[in-house]
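The values are calculated or read from the model by the stated rules, or taken from the named source; none is laboratory data. All figures in this text were calculated on a predicted structure; none of them were measured in a lab. Glycine also receives a Cβ, built like all others from the backbone with ideal geometry; neighbour counts cover every protein chain displayed.
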Amino acid sequence: MKEKLVIFDLDGTILDTLEDLKISVNSALVKNGYPEHTIEEVRTYVGNGIRMLIHRAVPEGTDAAAEDKVHRDFRAHYDAHCTEHTAPYDGIPELLRALRKEGILTAVLSNKADHAVHTLCDAMFPGLFDVVRGECEGIPRKPTPDAVYAILEELQIAREDAVYVGDSDVDIMTAQNAGLSCISVAWGFRTAAFLQEHGAAEILSSPDALRKRLLL
């Protein structure tokens, strides 16, 4: 039986956001006198929210006030430039349209700031999601299951009728904690080997493979 709801992670799953994240991280670091990072370094820092991204990016031992300043500078730069180099992975818009045509509900759940998640989804996937959620005050971020539960409640879908799709260990843990099945994708910010090492039950290598898994 097809799932009634597919919940997608954002960064590294449906959108390639890495270049814009790297540019904004380095802009904030340089502004505060810290060294820049390569795109591969930034790739390893993402997945646990912006606060953790900045904590990993600043030099070890940076005090809290200085880290907060880098965080604010990152947010200001990213808010203004988050769509400049970001694009959907090939085949993702078509997949989303196909899901909706079949009557399958779609949602996004990200650890990125909620306003940035809405900005990106509105720009890249207008009208293709029933629910869009980023990190919000008062709701613990992934891998806690709270936001997943909120989406299930809002859409009136039982957990056994939903599947979570993501590209990281955080997504695997989120699905496990919420009691959802999980599809891990290997085209994003983590390799298939990494996902397997972190307990992925199902790994797909392309959006076309994901489409076949969800629709055929």
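Tabulated data
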| item | result |
| --- | --- |
| Residues of the range 19-44 that turn out to be touching a residue at least 24 places away in the same chain (Cβ under 8 Å) and more than 30 Å from G179 (Cβ to Cβ), as a count | 14 |
| Candidates T119, T191, T144, T106, filtered to the one that is among the polar types (S, T, N, Q), free of Cβ contacts under 8 Å to residues at least 12 places away in the same chain and not assigned by TED's automatic domain parsing to the domain that holds L53 | T191 |
| From L210, L204, L128, residue being more than 29 Å from A76 (Cβ to Cβ), buried (at least 16 other Cβ atoms within 10 Å of the Cβ), out of contact with any Gly (no Cβ under 9 Å at 6 or more places or on another chain) and not assigned by TED's automatic domain parsing to the domain that holds R75 | L204 |
| Condition met for R141 (buried (at least 17 other Cβ atoms within 10 Å of the Cβ), more than 25 Å from T38 (Cα to Cα) and in contact with a helix residue (DSSP H, G or I) (Cβ under 6 Å, 6 or more places away or on another chain)) | no |
| Count of residues meeting criterion [buried (at least 17 other Cβ atoms within 10 Å of the Cβ) and either small (G, A, S) or farther than 19 Å from R141 by Cβ (or both)] in the range 44-61 | 4 |
